[in-house]
Amino acid sequence: MTETKLAQYSRSLYKELNELDEHTGWKECGSLLVARTRDRMITFHGAAARGKVLGIEVHILTPSEVKTLAPLLRVDDLEGGMWVPTDGVAGPSDIVMTLSSLAKRQGAQVFEDCRVEKVYMKDNAVSKIQTTLGSIECEYFVNCAGMWSYHLARDGTKGKKIRCPLHPVEHFYVVTKPFGIDPMLPVIRDPDGGIYVREWSGGLLAGGFDTVAKPVFHEGVPDDFQFKLFPEDWDHFQELLQAMLHRMPSFHDAELRHMTNGPESFTPDGKFILGEVPEVLRGFTR
């Protein structure tokens, strides 16, 4: 429920900011999840029931209704689907720039090229952080450092080791050249195939979550690894590529623009780590 409410808040915020000409890249194209098994459909029915409690418009679909919403999909092996029309996509970099700009207008300070090195405690509460640009006294500290979060929590907290079970793996997606894809194509997720597909500049962006991932940075993220990518690995990507070609046959005719392989962090159960940490006072993880 908490994750759903957070997603609802984010959607409303990005939509409102876009309407105020504060660009977030929000596009309300909806999301379409498809099910290959009856068990998956049971999961969808449960999610739809919870969504209705929270006031979210959710529709359970037959395979033919899935085909109507997304004609490019193969549906002969599906049990059905779930349609969330008010869902959508936004631009991560647009959101970061817009939110930081709005925060600075309200007096907040944003420091770039600045690494947090230590978090200091006093009376079992966060009191100060040490960065490469100096120290900052603080009443609250939120660890939202992405793939750096685990080592910052374990090694950077002076006098305390805070648990933050998060680890980066290589995450792959491909982008095609334009070939007439509807800009309002729903975001398509096939959880049984481990893939997702969305429209991207008239083409498709498609990625997924491989059965056997490739974890990276076991001893910590290198200091110079910023805005960098890993080499392409088409052999490892074959499992996901086959699932994409199966679900969307028109992918056979698409011309690929590039593959992206970058670090993405995951928790053991795939859920958020969110809220105040139990080890210290006024320390939060996001």
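Look through THR4, THR24 and report the one residue that is in a loop (DSSP other than H, G, I, E, B), among the hydroxyl-bearing types (Ser, Thr, Tyr) and open to solvent by less than 70 Å² (accessible area, probe 1.4 Å).
Result: THR24 is the single residue among THR4, THR24 that is in a loop (DSSP other than H, G, I, E, B), among the hydroxyl-bearing types (Ser, Thr, Tyr) and open to solvent by less than 70 Å² (accessible area, probe 1.4 Å).
Only one of LEU240, LEU245, LEU204 is modelled with pLDDT of 90 or more, within 30 Å of PRO178 (Cβ to Cβ) and not in a helix (DSSP H, G or I); which?
Answer to the check: LEU204.
From GLU239, GLU219, GLU276, GLU255, grab the single residue that is out of contact with any Cys (no Cβ under 8 Å at 6 or more places or on another chain), surrounded by 14 or more Cβ atoms within 10 Å (Cβ to Cβ) and among the charged types (D, E, K, R).
Testing whether each residue is out of contact with any Cys (no Cβ under 8 Å at 6 or more places or on another chain), surrounded by 14 or more Cβ atoms within 10 Å (Cβ to Cβ) and among the charged types (D, E, K, R) leaves just GLU239.
Within the set of pairs 6 or more residues apart or between chains, which connect a residue that is free of Cβ contacts under 8 Å to residues at least 24 places away in the same chain inside the range 152-169 to a residue that is assigned to a loop (DSSP other than H, G, I, E, B) with Cβ atoms less than 6 Å apart?
From the range 152-169, the pairs are ARG154/LYS161.
Any residue at all in the range 154-166 that is closer than 30 Å to MET82 by Cα, at pLDDT below 95 and surrounded by 15 or more Cβ atoms within 10 Å (Cβ to Cβ)?
For the range 154-166, residues closer than 30 Å to MET82 by Cα, at pLDDT below 95 and surrounded by 15 or more Cβ atoms within 10 Å (Cβ to Cβ): present.
Need at least 1 residues that are under 21 Å from the mean Cα position of the chain (by Cα), closer than 20 Å to SER265 by Cβ and not hydroxyl-bearing (Ser, Thr, Tyr) per element, so show me which strands (runs of 3 or more DSSP E) inside the range 86-157 make the cut, counting only ones lying wholly within it.
141-143
Can you confirm whether PRO186 is surrounded by fewer than 18 Cβ atoms within 10 Å (Cβ to Cβ) and either over 30 Å from HIS252 (Cβ atoms) or within 17 Å of the chain's Cα centre (by Cα) (or both)?
No, not satisfied.
Quick check on my filter: what residues within the range 76-92 are of a type in the set (Val, Ile, Thr) and open to solvent by less than 30 Å² (accessible area, probe 1.4 Å)?
VAL84, VAL89 - these are the residues of the range 76-92 that are of a type in the set (Val, Ile, Thr) and open to solvent by less than 30 Å² (accessible area, probe 1.4 Å).
Just need a number here: residues in the range 27-62 that are β-branched (Val, Ile, Thr) and either open to solvent by 70 Å² or more (accessible area, probe 1.4 Å) or modelled with pLDDT under 90 (or both). So that I can check it myself, show each step before the final result.
Our first condition is that a residue be β-branched (Val, Ile, Thr); within the range 27-62, this holds for 34, 37, 42-43, 53, 56, 58, 60, 62.
Then drop every residue that is not either open to solvent by 70 Å² or more (accessible area, probe 1.4 Å) or modelled with pLDDT under 90 (or both), which leaves 42-43, 53.
The number of residues fulfilling the criteria is 3.
If you go through the range 158-184 one residue at a time, how many are touching an Asp or Glu at 6+ places or on another chain (Cβ under 9 Å), of a type in the set (A, V, I, L, M, F, W, C) and assigned to a loop (DSSP other than H, G, I, E, B)?
Of the residues in the range 158-184, 4 are touching an Asp or Glu at 6+ places or on another chain (Cβ under 9 Å), of a type in the set (A, V, I, L, M, F, W, C) and assigned to a loop (DSSP other than H, G, I, E, B).
The values are calculated or read from the model by the stated rules, or taken from the named source; none is laboratory data. Note that the coordinates shown come from a computational prediction; the quantities given were computed from them, not determined experimentally. Backbone-built Cβ (ideal geometry, glycine too); neighbour counts: all protein chains shown. Each accessible area value is taken on the protein alone, full model and side chains, heavy atoms only, with ligands, DNA and RNA left out. Shrake-Rupley method; radii C 1.70, N 1.55, O 1.52, S 1.80 Å.
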